[in-house]
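Laboratory data are not the source of any read-out in this text; all were calculated from the coordinates shown. Everything numeric here is computed off the predicted structure, so don't read it as measured data. Cβ coordinates were reconstructed from backbone atoms using ideal geometry, including for glycine residues, and neighbour counts include every protein chain displayed.
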Amino acid sequence: MVCNYSNTIAIKYGINAALIAGYIKEELKYTDFYVADAPWERLTIKKLTGAFPFLGEKAVRNAIRRLKRGNILVSKQYGKEHFDHANYYSITAHGYAVMRGDENNE
């Protein structure tokens, strides 16, 4: 797998966060789940550690936490079953601007 990432995200939030954000951005291109015209992708920590075997669960959680605090990523639980705790992730407009490197031109 080729890992695409944003240099701006890597500088601001770390390489792990940049890899996770790049992966989610790619996954959102192929999703069929939209809420309010925004694409959302269902991902678990296990799936992300499977995509990046060199990252542990704690590293993935920390990267996601940094992205959420930076308003790059948002997450919600859309599972209809009480046992479904997987999060759905989407990238904010600010997140796309930061990934392009023009966050000051929003």
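With a threshold of 21 Å on the Cα-Cα distance, the over-threshold entries among LYS47/LYS76; LYS12/LYS76; LYS58/LYS80 are LYS12/LYS76; LYS58/LYS80.
With contributions of -39500 (n - 2.57) from each DSSP H run of at least four residues, the per-residue ellipticity at 222 nm computed over the chain stands at -13500 deg cm²/dmol. Simple point charges give the picture: +1 on the Cβ of Lys and Arg, -1 on the Cβ of Asp and Glu, and for the chain a dipole about the Cα centre of about 440 debye.
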